[in-house]
Amino acid sequence: MNSMLEKIRTLFSDKKRTREIALYVLFGALTTLVSWVVYLAFTRLMGIGKMEEGSGRYVLVSNLGQVISWIAAVLFAYFTNKKYVFQSKAGAKDGAWREFWLFVSARVASLLIFDLLLFNVCLMLGMDDRVDKLLMNVLVVIFNYAASKWVIFKKKKEEKET
């Protein structure tokens, strides 16, 4: 237990890393807000409130809203993570497209692994859906941060030294 606390202290002793984590959490919260606003705006625009819950139209509109809000959230997260959190300088000619596709791929992977596969496995094992959802959110945040830090926006050696 002490070694775990020591690792956490070490993690937050580096001001640059603390700033990065704080910004990641801030922009993660804003990404969630973007997702909700887009979903609610789309479903309201489509008149979901006047549809019978569970009807084909209701399910279609809510699923379309979910897809559109996920895309908006991923785009918002990419640009804010690139510019503010990980401060990537990659431009169109030197890796920005690679970063973008890696970012989207990581988000799709986390969606499939945690939000669909593991979430449903836990439900089948009898876990409460709210506890399950909370656990999946935590795992998704950790997975996405690790993917962004060590794969997508990984600094080149010469960038680290400056």
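Assorted remarks:
- Residue 113 vs. criteria among the β-branched types (Val, Ile, Thr), over 13 Å from residue 81 (Cα atoms) and at pLDDT 80 or above: yes
- The residue that is modelled with the highest pLDDT, among those in the stretch 129-143 that are of a type outside the set (A, V, I, L, M, F, W, C) and surrounded by 11 or more Cβ atoms within 10 Å (Cβ to Cβ), is 137.
- From the list 121, 138, the one residue that fits, being under 11 Å from the mean Cα position of the chain (by Cα) and either outside any helix (DSSP H, G or I) or without any contact (Cβ under 8 Å) to a residue 12 or more places away in the chain (or both), is 138.
- Checked against the criterion of being surrounded by 18 or more Cβ atoms within 10 Å (Cβ to Cβ) and outside any helix (DSSP H, G or I), the candidates 110, 148, 88 yield just one match: 88.
- Residue 58 meets all of the listed conditions (1) modelled with pLDDT under 85; (2) surrounded by 11 or more Cβ atoms within 10 Å (Cβ to Cβ) but one, namely (1).
The values are calculated or read from the model by the stated rules, or taken from the named source; none is laboratory data. A quick note: this is a predicted structure, and the numbers were derived from the prediction, not measured. Every residue, glycine as well, gets a Cβ built from its backbone with ideal geometry; the counts of neighbours run over all protein chains shown.
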